[in-house]
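Visitor: Below is one structure. I have some questions about it.
Nothing in this text is a laboratory measurement; each read-out follows from the coordinates by a stated rule. Quick caveat: nothing in here was measured; it's all calculated off a predicted structure. When we count neighbours, we look across all protein chains shown, and the Cβ atoms used for this are built from the backbone with ideal geometry, even at glycine.
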Amino acid sequence: MSNPLLLEEQLCFPFYAISREITKRYRPLLEPLGLTYPQYLVMLVLWEQDQQSLKAVGERLHLDSGTLTPLLKKLEASGLVERVKNPVDERHIQITLTANGQALRNEAEQIPLALKELLGVSDEDMELVKQTLNRLTIKMNGTD
């Protein structure tokens, strides 16, 4: 009988370890852009679709507003996004890319390929891992 308290038996540990390692690999790729990994995730969401509500960005990234707001404030201070309150309801904030934020997209386009090369993982393995993790995320969020 295996010991359920062994680190190797924990589902959470490989996720923790790979998350740290992937974030570490992103750091030198993002540094020239002046972005941290969490800021990069916000920018990815906005590069997919500009002019989104704070709530929509938070839902997409699975972040609450208390976590997302400091990221957005730093991106705004860097001149990459603007946060605009809805004049009808000031509780609703719209996030919009600035011209600099839009231009940064061109520089960021090389990052996914550079990361893939750093990891040395085949396209097939990468797709399999993403599909598996996406299915698990959906199940854990109860949207299945």
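Visitor: Could you work out which residue, out of 79, 120, 34, moves most in a Gaussian network model of the chain, that is, has the largest mean-square fluctuation with Cα springs under 10 Å?
Guide: Per the Cα network of the chain with a 10 Å cutoff, 120 tops the list.
Visitor: If you build the convex hull over the alpha carbons only and average its shadow over all orientations, what do you get for region 48-119? Give it in nm² to one decimal.
Guide: It is 5.8 nm².
Visitor: In addition: What's log10 of I(q)/I(0) for the chain at q = 0.13, 0.14, 0.22 Å⁻¹, Debye sum over Cα points only, no solvent?
Guide: Log10 I(q)/I(0), no solvent term: -0.72, -0.81, -1.45.
Visitor: Can you give me the orientation-averaged projected area of the convex hull built on the Cα atoms of region 1-64, in nm²?
Guide: 6.2
Visitor: Shifting gears a bit: Among 111, 134, 23, whose Cα sits farthest toward the positive end of the charge dipole of the chain (+1 at Cβ of Lys/Arg, -1 at Cβ of Asp/Glu, about the Cα centre)?
Guide: Going by the Cα projections, it comes out as 23.
Visitor: Could you give the size of the charge dipole of region 23-144 about its Cα centre, using +1 on the Cβ of each K and R and -1 on the Cβ of each D and E, expressed in debye and rounded to the nearest 20?
Guide: Once rounded to the nearest 20, the dipole reads 400 debye.
Visitor: Between the helical axis of 37-48 and the dominant principal axis of the chain, each derived from Cα atoms, what acute angle in degrees is found, rounded to the nearest 10?
Guide: The helix 37-48 is inclined about 60 degrees to the chain.
Visitor: Please identify the trypsin sites (Lys or Arg not before Pro) of region 84-144 that satisfy two criteria: DSSP loop assignment and at most 12 other Cβ atoms within 10 Å. Which are they?
Guide: Counting only loop positions with at most 12 other Cβ atoms within 10 Å, the trypsin sites (Lys or Arg not before Pro) in region 84-144 are 91.
Visitor: Another one. Tell me, how many Å apart are the Cα centres for region 72-97 and for region 8-57?
Guide: Taking the Cα centre of region 8-57 as reference, the centre of region 72-97 is 20 Å away.
Visitor: Further, regarding this structure: Where is the GNM fluctuation largest for the chain (alpha-carbon springs, 10 angstrom cutoff): 31, 48, 59?
Guide: In this elastic network of the chain, the residue with the biggest mean-square fluctuation among 31, 48, 59 is 48.
Visitor: Against the longest alpha carbon principal axis of the chain, how many degrees, from 0 to 90 and to the nearest 10, is the axis of helix 65-77 turned?
Guide: On a 0 to 90 degree scale, this one is about 60.
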